[in-house]
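Structure, as structure tokens:
The values are calculated or read from the model by the stated rules, or taken from the named source; none is laboratory data. In this text, all values refer to a predicted model and were calculated from it rather than measured experimentally. FYI the Cβ positions are ideal-geometry reconstructions off the backbone, even for glycines, and counts take in every protein chain you see. Just so you know, the surface numbers come from the protein's heavy atoms only, side chains and all, with ligands and any DNA or RNA stripped out. Shrake-Rupley method; radii C 1.70, N 1.55, O 1.52, S 1.80 Å.
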Amino acid sequence: MTDLLPTALAILERLVGFDTVSRNSNLKLVEYVRSYLDEHGIPHVVLPSEDGTKASIFATIGPADRPGIVLSGHTDVVPVDGQEWTRDPFALTREGDRLYGRGTTDMKGYVACMLAVAPVLQRAGLPAPVHLALSYDEEIGCFGVHGIVAHMQSIGLHPTAALIGEPSRLGIVNGHKGSSGLLTRIGGLSGHSSRPDRGVNAIFHAADFLVRLRACGEALAAAPDSIGLFEPPYATVSAGVIAGGSARNAIAGDCRIEWDVRATKPDSTAKILAGLEQFVAAKMLPEMRARHPGAFVLIEQVYDVPPLLPAAGCAAETLAKRLTGANSVGTVAYASEAGVFLAAGIPSVICGPGDIAQAHTADEWIESGQLAACLTHLQRLVP
Ligand SMILES: [Zn+2]
């Protein structure tokens, strides 16, 4: 087995050097990966975002005309704003066994491993393909991976398994809740606060919505549906941001609520939404529109990451066990692209280097030993 650690570290150094915080373009990183793949004769396709400022990259090693497996990672990272870094977040700093830099754990370390192993796989003459899937905007709602899945479907690829290299200390994770981001916009009618009878106060109506949302969360908690799988063992709702109105002495004409659902089943979010839509139609709108016909309540699903539901003995779990030698599986609290691959019919598990405890933190780091072990596992893809 080749010692690929120096190669992976050199790649990681380049990857960390690109400031791919989700609000920024990742195209320079994509360009670097493209030229790397070109250099090694690995075919790939770039899948741009709608506005063209970002892109995913999808590469295929081995014969594309038969079912293979997907190795998946995201290229974006979370911001460093407001964090107390003592090192440059966008430069790789090596101190002993630790490699510091934004994204070293989440998850440029894994991406570097994928790329370091790629030429070895390319030379091996694989009987079935290994696809490399690098997405954008994972951290803000798993947006980029949908284009990768659509691309695979459009060219008739049916991978048998996907391994998502989110940090799990190379343990196998076969389950997590889903994560859906929602936005409720409430439009009322503004006016002078001395005449509330002439307006429709969007903040007051937002309060009705929130009371209903909270009751919905309490009802979910009262009837656990996934005992032993997830913590807590039921789908949850949470309101995260509320904003509305313009002045104390004006009737609030608008209000917006950002909230989220952590689903335990594929249809959890749809059911919650249906209940709230029904409440809006039956209770809120009649009351608001009796005062102002233009009043509205709109609920928009901003992103949707389906849950990863454990399927004991699925192809992805079997593959991850073979590569890592691990026997046990677990679940995690965070959501990942695994749920998107699973929803597209591709059995998926998470298995990646580094510890989630270091993800998103100041002075994020990964142990070089985690990368070395990951490289050993990935080289077992060579038959
Ligand atoms: Zn991640």
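Summary of computed values
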read-out	value
Filter result (among the polar types (S, T, N, Q) and surrounded by 23 or more Cβ atoms within 10 Å (Cβ to Cβ)) within region 56-87	SER56, SER72, THR75
Strands (runs of 3 or more DSSP E) wholly inside region 325-383 that include at least 3 residues being open to solvent by less than 20 Å² (accessible area, probe 1.4 Å)	348-350
Scan of region 207-246 for residues that are aliphatic (A, V, I, L, M), in a loop (DSSP other than H, G, I, E, B) and touching a residue at least 24 places away in the same chain (Cβ under 8 Å), ordered by number	LEU229, ALA235
Residue within region 112-129 that is touching a Gly at 6+ places or on another chain (Cβ under 7 Å), under 19 Å from VAL70 (Cβ atoms), within 16 Å of the ligand (Cβ to nearest atom) and open to solvent by less than 20 Å² (accessible area, probe 1.4 Å) present	yes
Positions within region 296-318 being among the hydrophobic types (A, V, I, L, M, F, W, C), closer than 24 Å to GLY147 by Cβ, assigned to a strand (DSSP E or B) and open to solvent by 50 Å² or more (accessible area, probe 1.4 Å), in sequence order	VAL302
Residue count for region 144-156, restricted to those that are under 18 Å from LYS108 (Cβ atoms) and away from the ligand (no atom under 13 Å from the Cβ)	1
So GLY165, is it small (Gly, Ala, Ser), in contact (Cβ under 8 Å) with a residue 60 or more places away in the chain, within 16 Å of the ligand (Cβ to nearest atom) and buried (at least 20 other Cβ atoms within 10 Å of the Cβ)	yes
Answer residue from region 49-68, given it is among the hydrophobic types (A, V, I, L, M, F, W, C) and closer than 28 Å to GLU364 by Cβ and is farthest from the chain's Cα centre (by Cα) among those	ALA59
Counted residues, region 43-69 - those being part of a loop (DSSP other than H, G, I, E, B) and on the phi < 0 side of the Ramachandran plot	12
Filter result for the condition that a residue is aliphatic (A, V, I, L, M) and free of Cβ contacts under 8 Å to residues at least 40 places away in the same chain, over ALA311, ALA362, ALA270, ALA344	ALA270
Residue match in region 178-193 (condition: crowded, with 23+ Cβ neighbours inside 10 Å, within 12 Å of the ligand (Cβ to nearest atom), modelled with pLDDT of 95 or more and not basic (Lys, Arg))	no
Qualifying residue in region 147-158 (condition: touching a strand residue (DSSP E or B) at 6+ places or on another chain (Cβ under 6 Å), open to solvent by less than 20 Å² (accessible area, probe 1.4 Å), assigned to a helix (DSSP H, G or I) and not acidic (Asp, Glu))	yes
